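The structure under discussion appears below in the form of structure tokens.
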Amino acid sequence: MSSNVIASPRSNSAQSPWYKRNKASHSSFEMFAWLFMRLSGVVLIVLIFGHLFVNLMLGQGIHAIDFGFVAGKWSSPFWQVWDLAMLWLAMLHGTNGVRTIINDYADRNGTRMTLKTILYIAAGVIIVLGTLVIFTFDPCPAGAVTDLPSFCPVP
Amino acid sequence: MWSWVGHRITGVVIFVFLLVHVLDTSLVRVSPEAYTAVIGAYKNPIMGLGEAALVAAIVFHAFNGLRIIAIDFWKKGPKYQRQMLWTVLIAWVVVMVPFLIRHLSIVFGGH
Ligand code: HEM
Ligand code: HEM
């Protein structure tokens, strides 16, 4: 172990005199975000590996995927909840990760604000859209004829 | 150090994929034809290689993520971080080899 004392990176010490972006904040948001990255990561492994296994490895793999495949899966609340959890956790985890990266590389206040605004809007749109898609999904849409799941009434 | 670069790059790649992926999945609300047409693009061999690369990125990010968690929470984590990096790489190979054999034979094998 070295005996050098390393100041915490953002302490405006002699070792890091340049960090003048923000005053220390007293909220615990960053701590919460740090913990969330780890907890969501553990859960996402199960959700995403399961998703990839079912969609790419089983049966015909990627060839099996079409409208009827999705309809079959989302007719079960199990896969609805699975996909919903995967959507929210992956989007929040990914958005928070990219937020960190923006904070690291974008040095000007204006650039950082702009990039993060775009990020949050994009993330919000995708989360709302993905959620609506799962909950408003109609496996047997009126007028459709091809690729329907087998349980739809024959037109 | 490079494991951190790799973690960052794979994280961004997966995130960008996910944005597009939710958009393409949302086509199920447009019409079955629209969805099946766009998902059909995922089935050609070039996209098949892209999917393999995506899965490679996810498996690395996931296993290295577990390593980061172990370094942070496990008392001996920092001490064994190097051995754990090797474990990550070995586990990555162990998962990727069977995955690639199966996925690529589906992609290139036709029906
Ligand atoms: C190439 C590999 C992939 C394929 C072929 C694929 C395929 C699909 C399919 C067919 C669906 C429709 C519903 C279902 O099957 O559950 C879906 C939904 C979804 N996938 Fe994937 N997926 C892949 C990779 C991923 C990855 C890596 C993630 C996470 C980062 C992901 C996240 C999601 C989410 C969140 C949904 C729900 C979308 C919504 O709410 O509208 N997928 N995927
Ligand atoms: C499969 C399970 C996953 C695990 C175990 C995992 C784990 C982690 C961990 C532990 C971190 C470090 C957080 C920190 O340093 O505070 C991280 C960062 C990150 N993750 Fe994940 N993650 C997973 C999936 C994902 C997915 C699906 C995405 C994209 C949607 C993603 C995008 C990111 C990004 C962009 C970062 C920031 C990298 C950085 O700051 O250098 N991760 N992940």
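Taking only the alpha carbons of chain B, what extent do you get along each of the three principal axes, in Å, biggest first?
55, 30, 19
Tell me the carbon and sulfur percent of the accessible area for chain B, rounded to whole percent, probe radius 1.4 Å. Before the final figure, lay out each step's value.
Details: 4730 of 6160 Å².
Heavy-atom surface of chain B belonging to carbon and sulfur, 1.4 Å probe: 77 percent.
Report the calculated FRET efficiency for A:H26 and A:I101 (r = Cβ-Cβ distance, R0 = 30 Å), to the nearest 0.05.
Efficiency for this residue pair is about 0.75.
Could you give the length gained by full extension between B:A34 and B:R8, i.e. 0.36 nm per residue of separation minus their alpha carbon distance, to one decimal place?
Working: separation 26, 0.36 × 26 = 9.36 nm, distance 3.38 nm.
Length difference between fully extended and current span is 6.0 nm.
With contacts defined as alpha carbon pairs under 8 Å and 6 or more residues apart, what's the relative contact order of chain B in percent? Write down the numbers at each step before the final one.
Values: 59 pairs, mean separation 34.1, N = 111.
So the answer I get is 31 percent.
Expected output is a single nm value to one decimal: the length gained when fully extending between A:V81 and A:L129, i.e. 0.36 nm times separation in residues minus the C-alpha distance. What is it?
Numbers: separation 48, 0.36 × 48 = 17.28 nm, distance 1.54 nm.
Gain on extension, A:V81 to A:L129, equals 15.7 nm.
Please identify the DSSP H helices in chain B that span no less than 20 Å along the helix axis (Cα) and have a mean Kyte-Doolittle hydropathy of 0.0 or more. Mind dumping the intermediate values first?
Details: long enough: B:2-25 (33 Å, 1.33); B:45-73 (42 Å, 1.46); B:81-108 (38 Å, 1.46).
Span-like helices in chain B: B:2-25, B:45-73, B:81-108.
Which stretch or stretches of segment B:1-35 have amide N atoms under 11 Å from the point lying 7 Å from A:T136's Cα along the Cα→Cβ direction?
B:29-30
Relative contact order of segment A:38-151: what whole-number percent is it, with Cα pairs under 8 angstrom and at least 6 residues apart? It would help to have the intermediate numbers written out before the result.
Details: 63 pairs, mean separation 41.9, N = 114.
For segment A:38-151, the relative contact order is 37 percent.
Using a simple charge model, +1 on the beta-carbon of Lys and Arg, -1 on the beta-carbon of Asp and Glu, nothing else, what dipole does chain B show about its Cα centre, in debye to the nearest 20?
Working: 9 positive and 4 negative charges, 122 e Å.
Rounded to the nearest 20 debye, it is 580 debye.
Measuring from label point to label point, each 7 Å out along Cα→Cβ, what is the A:W88 to B:A56 span in nm?
Label-label distance for A:W88 and B:A56, simple model: 3.5 nm.
What total accessible surface area, summed over both chains, is buried at the interface between chains A and B, computed with a 1.4 Å probe and given in Å² to the nearest 100? Show your work: numbers first, answer last.
Numbers: alone 11360 and 7990 Å², together 15780 Å².
Accessible area lost upon association: around 3600 Å².
I'd like the per residue volume of the convex hull spanned by the Cα atoms of the protein assembly as shown, given in cubic angstrom. The partial results should precede the final answer.
Details: hull volume 41.5 nm³, N = 266.
So the per-residue hull volume is 156 Å³.
Which FRET efficiency value, to the nearest 0.05, do you get for A:F49 and A:M113 by plugging their Cβ-Cβ distance into 1/(1 + (r/R0)^6) with R0 = 30 Å?
Working: r = 36 Å, r/R0 = 1.21.
Calculated value: 0.25.
Using only helices, what value at 222 nm comes out for the protein assembly as shown when you add -39,500 (n - 2.57) per DSSP H run of length 4 or more and divide by the total residues, to the nearest 500 deg cm²/dmol? Write down the numbers at each step before the final one.
On the way: 8 runs with 179 residues, N = 266.
My calculation for the protein assembly as shown gives -23500 deg cm²/dmol from helical runs alone.
The values are calculated or read from the model by the stated rules, or taken from the named source; none is laboratory data. Keep in mind the model is a prediction, meaning the values are calculated, not measured. Ideal geometry is used to build each Cβ from the backbone, glycine not excepted, and the neighbour counts take in all protein chains shown. All accessible areas refer to the heavy atoms of the entire protein, side chains included, with ligands and DNA or RNA removed. Shrake-Rupley method; radii C 1.70, N 1.55, O 1.52, S 1.80 Å.
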